[in-house]
Amino acid sequence: MLTLTSNFACLAVTAEQKNDPVMISKRVYEEPTFKIHTLGSQELRTSSKRITKFNQDTKLLARYMLQSMYTAKGIGLAAPQVGIDKQLIVIDLDFENSATPPIVLINPEIVTNSISVNTYEEGCLSIPGVYLDVIRSSIIEVNFRDEQGRPRSLRADGLLARCIQHEMDHLKGILFVDRVTNKAELNKVLQENEMNLSDVHSL
Ligand SMILES: [Zn+2]
């Protein structure tokens, strides 16, 4: 599913990358490494900055975010959710299978959006208990850097395309509830979960 951009710099590291995925235990800790902010927190509404230095701190941030995501039993986590205003996303749709490496996307940019859209129920670690339909592009192509700063490109459909779009929204301070079109249902579910409609910034 992961494809590389076809420039020489990338081709040169293809072999290395194949043997060099992000290796991390998917164990569930008693407490997440990072506290995950929830709806109403200002941290979720900030615009994240691009990462310009790729060093040990970048790799550690990705690893701590993965640990937090696995512990919270999520399939995606963006740095603003843990109060860090950097453009870093971690995703693992197969979090129960230790053999599948997760994906780390840094400074992601969507270069192609399909015209076709689909509707699917989403949830978010920052809005626990709330699951609502959101319309998104069916297929996307995204350019990004991996945790070592190498340029990558990925074409995604299905749940992965949805997850990347959801996490990239976090980098702009947008939450999935902002995109929910069924306001009556949104209001009802938020009330059931003791959350405030005033914390939703509808698009
Ligand atoms: Zn989310």
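The numbers here are math on the coordinates, done by the rules we state, and not lab data. Please read all numbers here as calculations on a predicted model, not as lab measurements. Every residue, glycine as well, gets a Cβ built from its backbone with ideal geometry; the counts of neighbours run over all protein chains shown.
Any chance you could give the angle, 0 to 90 degrees and rounded to 10, that helix 8-18 forms with the longest Cα principal axis of the chain?
Long axis of 8-18 versus the principal axis of the chain: about 80 degrees.
Considering the chain as a Gaussian network with a 10 Å cut-off on Cα pairs, which listed residue, 169, 178, 94, attains the greatest mean-square fluctuation?
94
Quick check: net charge around residue 115, other residues with Cβ under 14 Å of its Cβ, Lys/Arg +1 and Asp/Glu -1?
With Lys, Arg at +1 and Asp, Glu at -1, the net is -1.
Using per-residue counts of other Cβ atoms within 10 Å, averaged over each peptide, order 107-113, 123-129 from highest down.
123-129, 107-113
How far, in degrees from 0 to 90, does helix 158-171 lean away from the longest principal axis of the Cα atoms of the chain, to the nearest 10?
Value to nearest ten degrees: 80.
Mind listing P(r) for the chain? All alpha-carbon pairs, 5 Å bins, whole percents.
For the chain, the pair-distance distribution reads 1, 7, 16, 19, 21, 17, 10, 5, 2, 1, 0.
Report the residue, chosen from 153, 41, 68, that carries the largest GNM mean-square fluctuation when the chain is represented by alpha-carbon nodes joined by springs under 10 Å.
Greatest mean-square fluctuation among the candidates belongs to 41.
How large is the helix-only mean residue ellipticity at 222 nm for the chain, computed as the sum of -39500 (n - 2.57) over DSSP H runs with n ≥ 4, divided by its residue count, in deg cm²/dmol to the nearest 500? Kindly include the intermediate steps, with their values, before the conclusion.
On the way: 4 runs with 52 residues, N = 203.
Using -39500 (n - 2.57) per qualifying helix, the result is -8000 deg cm²/dmol.
With springs only between Cα atoms under 10 Å apart, run a GNM on the chain and tell me which of 60, 105, 132 wobbles the most.
In the Gaussian network model the winner is 60.
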